[in-house]
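In what follows, a structure is listed as structure tokens, so that the remarks can point back to it.
All of the numbers you see were taken from the coordinates with simple rules; none came from a lab. Because the structure is predicted, anything quoted here is derived from the model rather than measured. Heads up, the Cβs are rebuilt from the backbone with ideal geometry, glycines too, and the neighbour counts pull from every protein chain shown.
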Amino acid sequence: MKRPLVFPALSSLLCVLAFGGSVLADVNSHQAELIREAVADSPRATPKKPRTVLIWNTPPEFMDKDPHKGYCIPFGEYAMKTLGEKTGAFRPIVSGDLAMYLPENIRQFDAIVMNNSSRSWIQPTDRDMERLKDCGPDKETVEQILRKSLLDFVTDGGGIVACHYAIGANKHWPEFSEMLGATFTGHPWNEEVAIRVEEPGHPLLAAFEGKDFRLADEIYEFGGPYSREKVRVLLSLDTKNTNMGVPWIHRTDGDFAQAWVKPYGQGRVFCTGFAHRTEHWWNPALLQFLLDGIQFATGDLEAPMSPRPITAIDATEETTAGPPKGFISLFDGKTLDGWTGDPKIWSVSDGAITGRTTTETKLRENNFLVWKDEVEDFELRLKFRLENGNSGIYYRCLQRKEGETYRDPVVGTQADFDASGRWTGVIMEFLLRNVLAERGQKVVIDEAGKREVVGSVGDPEELLAAVNLDQYNDYTMIAQGGHVVLKINGKTMCELDDRDPRRLVRGVLAVQVHVGPPMQVWFKDIYFRKL
């Protein structure tokens, strides 16, 4: 066999221009500036040595048939180039030229980013063969050379980053799918969904600060060879807080991974289903996630990648009865065992804890149902419904004891909701420091007790619109140290960083009915875990 073509670094870049690998003209100056502003100034990991990364686009021959040609690919190209150039993490080389995969050429790269590269691009076209004819007598022979070269590259320690539809390429080549860890089987969702951060402490998930999130995108479903026995899932679809009534869902196990890593020989593979909608390319968290994935692929950012097989996966916790993995249930659905409260107010009906006042009920003070154990750092998930009035979840609170003179039986911090909407999604410290965080706010309370709004988690009215009191709503509260996050139906309502030494760090957990007009509140599926 004749010696393959060689494209060292400079001639690789010239080759890009010659064969139409670049599509940067589709990104206007305003969009380019948004991307540049969203990219960090420096990488999280210092490169161990100078790195070169191939940004691999759909080859020009396939571009006209690629559904991602107009936005995913050009925006991805510009963003990936900017990630490398602005942070100094790597030198990007952009190409759609198949000659990049020849053994002598692929060696110059530390990792390859497959930028929505679709179709059976490993198969040489007639145009490819004009340049690659010295590599073999026919297309089949050249394709085998290219296949082996890519697999050897990763096996010997190279890295792969597969973005969005890259995983749908080369369906005729089983080893390609095995290397990436899955095949594309469809995108049932093209709407806002809930995403679960599976390992909050994993180095590749630092961009999300350990918090689940929501986003709108073309959301994929993956099939074999996908298995949690083979990949380490980083992000997955939170089916509990996502519309599961869409058509074309094929999986029956509730396991909809959205990002994962895996080893392949001595190499590292990072796959993400995101990277479709234009606005994601200037989302700082998603860009940081991609940069971290590239640094993982080059070997500069160390991160666990061994599979984490989970029997019936955490995702099935969302589709079956009982608490999620790691949680305990605080309510058996039948009795008030473990809770203390006035039986004239509190009962169990239709599988829910029910708090009810009537015109005959003459409350002189707010009334509470109190859990038997005190709480400190925790995550609480429950469902609630409200008819009239005001209610909430009290946590780390002081409980009035005999002879004490607190105005209310329970005093302290509460995650509020009410029929008017004024208090829904608000953190209040009743009779102590009053309102700590309004709906839509990110708040810091410093060591001197000064409260400052430092950011927003969304428009208060839009957040309120996500709550429907006529039906059950999902309420999630995460309290760890002074950091507290409230979510309703998957949307973050407010976020508090409380550094005030006066804050309550431990106390009772309770639910409330409020003085005032007749009301009724229901709680069910109450799950709790210590943090």
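Some notes on this structure:
- Trypsin sites (Lys or Arg not before Pro) within region 437-499, DSSP loop, no more than 11 other Cβ atoms inside 10 Å: 450
- Using 0.36 nm per residue and subtracting the Cα-Cα separation, the extra length available between residue 432 and residue 129 on full extension is 101.4 nm.
- Region 328-530: relative contact order in percent, alpha carbon pairs under 8 Å with at least 6 residues between: 35 percent
- The value of relative contact order for the chain, using C-alpha pairs under 8 Å at least six residues apart, is 13 percent.
- FRET E, pair residue 454, residue 387, Förster distance 30 Å, beta-carbon r, rounded to 0.05: 0.25
- Stokes-Einstein D in µm²/s, Kirkwood radius over Cα pairs - region 447-521 at 10 °C with 1.306 mPa s viscosity: 106 µm²/s
- Sites residue 42 and residue 252, calculated FRET efficiency, Cβ-Cβ separation with R0 56 Å, nearest 0.05: 0.80
- Cross-link check: pairs 372/530; 487/524; 344/530; 344/487; 49/86 evaluated at a Cα-Cα cut-off of 20 Å; pairs beyond the cut-off: 344/530; 344/487.
- Ellipsoid fit via the Cα gyration tensor, region 166-220: semi-axes of 26, 17, 7 Å, each the root of five times an eigenvalue, largest first.
- Beta bridges by DSSP in region 328-530, antiparallel share as percent, to the nearest 5: 95 percent
- Reachable aspartates and glutamates, given that their alpha-carbon falls under 14 Å from the alpha-carbon of residue 133 and they are not under 8 places away in the same chain: 143
- Region 328-530: translational diffusion in µm²/s, Stokes-Einstein, Kirkwood Rh over Cα pairs, 25 °C, 0.890 mPa s: 144 µm²/s
- Alpha-carbon centroid distance for the pair region 213-232 / region 69-118, whole angstrom: 23 Å
- Semi-axis lengths (Å, descending) of the ellipsoid that matches the C-alpha gyration tensor of the chain: 53, 23, 19
- Within the chain, DSSP assigns beta bridges of which about 80% are antiparallel (rounded to the nearest 5).
- Calculated FRET value between residue 190 and residue 500, using beta carbons and R₀ = 35 Å, to 0.05: 0.20
- Fewest-first ranking of 54, 330, using other Cβ atoms within 10 Å as the exposure measure: 330, 54
- Using the Karplus relation 6.51 cos²θ - 1.76 cosθ + 1.60 with θ = phi - 60°, the per-residue 3J(HN,Hα) values for region 390-397 come to 9, 8, x, 10, 8, 9, 6, 9 Hz, with x marking Gly and Pro.
- Cα-centre dipole for region 328-530 with unit charges at Cβ (Lys and Arg positive, Asp and Glu negative), debye to 20: 280 debye
- In sequence order, calculated HN-Hα J values of region 238-254 (Karplus, 6.51, -1.76, 1.60; Hz; x Gly/Pro): 7, 5, 5, 10, 10, 5, 9, x, 6, x, 6, 7, 9, 5, 10, 9, x
- In degrees, nearest ten, helix 139-155 long axis to first principal axis of the chain (Cα): 50 degrees
- Angle in degrees between helix 72-87 and the longest Cα principal axis of the chain, rounded to the nearest 10: 90 degrees
- Prolate/oblate/rounded label for region 68-126 (Cα gyration tensor, a/c 1.5): oblate
- Two-decimal log10 I(q)/I(0) for region 196-243, as the Debye equation yields it once each C-alpha is a single scatterer, q = 0.18, 0.31 Å⁻¹: -0.67, -1.21
- Charge tally for residue 111 (other residues, Cβ to Cβ under 11 Å; Lys, Arg +1; Asp, Glu -1): 0.
- Less than 5 angstrom separates the built amide H of residue 197 from those of 212, 213, all sequence-distant by 5 or more or on a different chain.
- Helical content alone sets the calculated 222 nm signal of the chain at -5000 deg cm²/dmol, taking -39,500 (n - 2.57) per DSSP H segment of four or more residues and averaging over every residue.
- Its Cα centre serving as origin, the chain has a Cβ charge dipole (Lys and Arg +1, Asp and Glu -1) of approximately 680 debye.
- Bridging of residue 230 to lysines at a Cα separation below 21 Å is possible for 171, 262, 325, once same-chain residues fewer than 8 apart are set aside.
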